[in-house]
Amino acid sequence: MYRTVLALVFLQCVLGISAALATDYYVDSSGGNDLSAGTTEQTAWKTLLKVNNEKFKPGDRIRFRCDCTWRGQLVAKPGEKGKPVVYTSYGTGKKPLLLGSVSLADVSTWVKSSRLPHVWETRPAKVIAETALPGFTQKGWVMYTEQEARVSVSRQLLDSLPNYHLVCSAKSKDEKNSHIQFSTHGLSVHAGQVIAFRFKMKSTIPFKLNHIALIQAPKPWATYGNLVSKTCSIEKEWNEFEVRFTTVRNADDGRLVFFLGSELPQGAQVDFCPVGMSCLEVDSIDLPIDVGNIILKRKGTTQRQAAFKRWEEDQLKEQDDFLYDRNRKSVLYYSKTNPALLYDEMEAALRQHNIAGTHDVLIDGLALSRSAAHGVGGGGQYRVTIRNCDITWIGGGELSGNIHKRVRFGNGVEFWAGAFDNLVENNFFAEVYDVAMSNQGRELCEVKNVVWRNNIICRCEQSYEIWFTHPETQIRGLVFEHNTSVDTGFGWSHRQRPDKRGTHLLSYQLKPLVFDMSVRKNVFCHTKNDLIWFYNERAAEFKIDDNVWWQPAVNGVPGTGQKLFFWDATKPKHVDFAEYRKLTGNDAKSRFVEPKFMDPGRDDFRITNREQIGDAGASR
């Protein structure tokens, strides 16, 4: 007994010391300094780059100053069970705003296209200074192959530089890029640099070199730099190429890798010669990755709207049509005058998450906006809490590079695959390309104890989505409750989408072995298309009840008579509320409220910080 008491006292002391070791860090974009300690308001850091490159302990709190704005991606660091790393605010005023966008609202940003009438292009990059970095040519290059792929490598000197001779004797059946990798390791990088790599290359069979990456050498292969150079066309004769990256991390384990699995022709003999590496000082509009949306605010107005993303130059025909040129890393924009003369806000949303999520994290009281991927996204998210956040103007980036089927994406909060013990509460979602909140995944996984509650969703294409394709996946304790969803399908993305699915609840490809989900005590108010859209046969397995559904009359048909409930992939059913309840057994205690009881004037539902995120914007 005596020993047990001593052990408990010792454990309490250890826990107390551990809690005491947790540190508060402060970040102030207006008055901070990255060279300061960061541990008081007076010694606050300034940038996201500084935050992303720090190593935090479980329990540490990173506080962003209210009324301040940062651009870029926040890379959350993991805590441990019971001691999350906390990302929150301090001070008074508007919520700290994390923007995933680049401003294009300066007249000097644009130059008129010499090829296309009424089209403007972001100005090209200009190198101001260059510093050579030694040692690059002496680093060894290695070949890695998977499955049936076979590539031999030999090395010799060519004009005092190493020349690598590659012979591709076989490719893998599915030709994934990762099945042939040619790379060099041990590169040192510092966040915020523009690094140029130069090399010469030729091939007996010409091909396009599209997939070059600067990543972490060991697993999890985190991105260390965003590629900002054009595609390399490898021909039969020697050509010299330069690829540039904007670096996002401080690291000494960088890996430059050419992913060749889908590009290197079978039978090709390739010669490769590294030429040099240098650090550039560049004057440029930094658009290293896909621009999925451009959020506009016309001068003299407060309402925001979205430009219209196109895929080909001949589609640029109307005011505010734009496309992202992935080779030139630039935006082409249709306007009869310099567009910056028309708008005092032009926010080019980049294809990256506002926050790259991880496990054992608490995100509280931040505003996330204007990114072309997810507000919070990533794999391996468990014991995550997201609360009191504004997540707006999200998505629109290109999901895949298939030119024959262009797919865009973007969710407010996405938990991929095996999420557990997660809570998303008291947040505001608006103007999201796809869905405000989502559980999804392809691989075998277990999802348990994930709760979405007390959130307000306004003008997103969908409010909540679930899909899992592995037949052995198990889902337990998934809850969607006390949420208010308004005006699904009335946001900026609906007109631009090829698949128009304005709906509150979306589900398809739902194949888990075990499925336990409750949808209860929510208000679903007004939709462009359907109140629910389940393209599978499992609607009756959802525990959907005690909700309020609302839809105004259309062409004289009252809301209760409209066929707004859709499900079943094999024999699709499109029925009204009464028939839906009869066929599924769902919503037995729910109400379908007639229009006179709820006014879609929406002051009760649209809760926005108008200075920070603006009114829910009109769509072209």
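The values are calculated or read from the model by the stated rules, or taken from the named source; none is laboratory data. This one's a predicted model, so the numbers in the text were calculated from it and none came from an experiment. Glycine also receives a Cβ, built like all others from the backbone with ideal geometry; neighbour counts cover every protein chain displayed. Protein only, heavy atoms only, side chains kept; ligands, DNA and RNA dropped before computing areas. Shrake-Rupley method; radii C 1.70, N 1.55, O 1.52, S 1.80 Å.
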Quiz prompt | Farthest positive-ward along the stretch 354-475 dipole, Cα basis, beta-carbon charges - from 396, 429, 377 | solution = 396
Quiz item: Based on the Cβ-Cβ distance of residue 557 and residue 55, what FRET efficiency does E = 1/(1 + (r/R0)^6) give at R0 = 51 Å, to the nearest 0.05?
Solution: 0.25
Self-check item: Kirkwood Rh and Cα Rg combined as Rg over Rh, evaluated for the stretch 262-309
Solution: 1.28
Quiz item: How would 456, 532 line up by accessible area, probe 1.4 Å, largest first?
Solution: 456, 532
Quiz prompt | Ranked by how many other beta carbons lie within 10 Å on average, peptides 361-373, 95-107 from highest | solution = 361-373, 95-107
Quiz item: How big is the C-alpha Rg of the stretch 59-158 next to the rule-of-thumb value 2.2 N^0.38 Å, as a ratio?
Solution: 1.91
Self-check item: DSSP-assigned coil residues among trypsin sites (Lys or Arg not before Pro) in the stretch 140-179, each with at most 12 further Cβ atoms within 10 Å
Solution: 173
Self-check item: Peptide ranges 433-444, 66-77, 336-347, 34-45 listed from the most packed, as the mean C-beta count within 10 angstrom indicates
Solution: 433-444, 66-77, 336-347, 34-45
Exercise. Round to the nearest 10 and give me the degree value, 0 to 90, for the angle of helix 2-21's Cα axis relative to the longest principal axis of the chain.
Key: 70 degrees
Quiz item: How many nm is it between the label spots at residue 513 and residue 315, if each spot is 7 Å from the Cα in line with the beta carbon?
Solution: 4.3 nm
Self-check item: residue 159-residue 118 pseudo-label distance in nm [points 7 Å out on the Cα-to-Cβ vector]
Solution: 4.9 nm
Exercise. Give, rounded to the nearest 20 debye, the magnitude of the charge dipole that the stretch 93-233 has about its Cα centre when Lys and Arg contribute +1 at Cβ and Asp and Glu contribute -1 at Cβ.
Key: 200 debye
Quiz item: Considering the alpha-carbon set of the stretch 237-349 alone, what are its Rg and its Dmax in angstrom?
Solution: 19.5, 62
Self-check item: Under 5 Å, built H, 5+ apart or other chain: amide partners of residue 374
Solution: 353, 354, 411
Quiz item: What full-extension length gain, to one decimal in nm, is calculated for residue 35 and residue 148 as 0.36 nm per residue of separation minus the Cα-Cα distance?
Solution: 35.6 nm
Quiz item: So between residue 111 and residue 24, what do we pick up on full extension, going 0.36 nm a residue minus the alpha carbon distance?
Solution: 26.8 nm
Self-check item: Compactness of the stretch 421-482 - radius of gyration and Dmax, Cα, Å
Solution: 12.5, 35
Quiz item: For the chain, what is the mean residue ellipticity at 222 nm derived from helices alone (per DSSP H run of n ≥ 4: -39500 (n - 2.57); sum divided by total residues; nearest 500 deg cm²/dmol)?
Solution: -1500 deg cm²/dmol
Exercise. Note down the nm distance, to one decimal, between modelled labels 7 Å out along Cα→Cβ at residue 233 and at residue 583.
Key: 5.5 nm
Self-check item: Estimated FRET transfer efficiency (residue 574, residue 476; beta-carbon r; R0 25 Å; 0.05)
Solution: 0.20
Quiz item: What do you get when you divide the Cα radius of gyration of the chain by 2.2 N^0.38 Å, with N the number of residues?
Solution: 1.04
Quiz item: Ordered by packing density, taken as the mean number of other Cβ atoms within 10 Å over each peptide's residues, highest first, how do 203-209, 282-288, 329-335 rank?
Solution: 329-335, 282-288, 203-209
